[in-house]
Amino acid sequence: MTWIETIIIAIVEGLTEFLPVSSTGHMIITEGLLGMKSDAFLKAFTVIIQFGAILSVVCLYWRKFFYPEELKSNGQSWWQAIWRFYLKLIVGVIPAVIVGLLLDDFIDKNLGKVWVVAVMLIIGGVFMLFCDKWFNKGSEKTPLTYKRSFIIGIYQCIAALLPGTSRSMATIVGGMQQKLTRKAAAEFSFFLAVPTMFGATLKKLYDLVKDGGFSVLTEGNNLWVLIIGNVVAFVVAIAAIKFFINYVTKYGFSAFGWYRIIVGAIILLLPLFGVTLEMVD
């Protein structure tokens, strides 16, 4: 990978990871536009740079991760509050772990299919035009229970199975369906991303080691590419999260819905003009 390709893909990751527009789909499209070769390192890179995005969530919401609000609201001990917070994340990530272990081959097989991304962008976009009307009945008094955490985790599995769906969109909609406010649903989506994406990164590293390909990460300047990619994704993701929370709290999701529909339609129409976004094997 060149440095320009590294920075471009990392910017796309940071911008789209926490927006309901599908970061995986946008990276696949970007790699196709850049004419990049689909090899072991590129596949690992697109997963591992999510670690930078993970750190952005922990940095912005450090009080949630290390000093949960429950501690101030009902006099729990620090350990009780921490345990409740992290247990909800564990419960929420269980469905993704099960689906990832059982359907890993299916997910990898469909991951690079641009037409799947385009179709799911459009379908998800249409859904987002109406989700505010359907689910915007949340209350700030609605508690995030273990049951609600698990149900939101089930929604997250949809994104894992179909690239272009958007993990962020699925979990936010799941939160709103469970009567959380848009802001609360979005924030829990960010929190749930931490164990989910961290687990995906570890799984990718494990697969590389198991297949004897871990050395691909240290060949040439690959290690520096990973470091720069994570730093860029971290910085961009911080800006994206701040923007998204402010915007969606005030205006809802319709703008993101229209964006998804337009991008998906353009991708489906490009082959008519002789343009293909499929990556080279």
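Rule-based calculations on the coordinates, nothing more; no lab input. No experiment lies behind these values; they were computed from the predicted model shown. Counting neighbours? That spans all protein chains shown, and the Cβs are built from the backbone with ideal geometry, glycine included.
Observations on the structure shown:
- At most 11 other Cβ within 10 Å, DSSP loop - GluC sites (Glu not before Pro), region 1-95: Glu69
- Charge-dipole axis of region 3-273 as Lys and Arg at +1 and Asp and Glu at -1 on Cβ define it, positive-most pick from Val216, Ser77, Gly92: Ser77
- Helix content alone sets the calculated 222 nm mean residue ellipticity of the chain: runs of n ≥ 4 DSSP H residues at -39500 (n - 2.57) each, divided across all residues, give -24500 deg cm²/dmol.
- Span from the region 237-267 Cα centroid across to the region 121-150 one, whole angstrom: 15 Å
- Taking Cα atoms only, the orientation of helix 146-161 departs from the longest principal axis of the chain by about 10 degrees.
- Springs between Cα atoms under 10 Å define the GNM used for the chain, and in it the highest mean-square fluctuation of Leu33, Leu161, Leu180 occurs at Leu33.
- The chain, dipole about Cα centre (Lys/Arg Cβ +1, Asp/Glu Cβ -1), debye to the nearest 20: 1320 debye
- Gaussian network model of the chain, springs between alpha carbon atoms under 10 Å - residue of Pro143, Pro95, Pro195 with greatest fluctuation: Pro143
- Cα shape, region 129-232, gyration tensor, a/c 1.5 rule: prolate
- On Cα atoms only, tilt of 78-102 relative to the major axis of the chain in degrees: 40 degrees
- Taking every C-alpha pair closer than 8 Å and separated by at least 6 residues, the mean separation divided by the residue count of the chain gives a relative contact order of 38 percent.
- Cα-based helix-to-principal-axis angle, 50-60 vs the chain, degrees rounded to 10: 30 degrees
- Taken over the Cα atoms of region 1-94, the convex hull encloses 121 Å³ per residue.
- Think of the chain as having a plus end and a minus end, set by charges on the Cβ of Lys, Arg, Asp and Glu; of Pro143, Leu55, Pro271, Pro143 sits farthest toward the positive end of this dipole.
- Top of Ile266, Ile151, Ile48 by mean-square fluctuation, Gaussian network on the chain, Cα under 10 Å: Ile266
- For region 3-273, the mean projected area of the C-alpha convex hull, equal to one quarter of the hull surface, is 14.4 nm².
- Those lysines that a straight Cα-Cα span of less than 28 Å connects to Lys133, excepting residues fewer than 8 apart in one chain: Lys88, Lys141, Lys147, Lys179, Lys183, Lys242, Lys250
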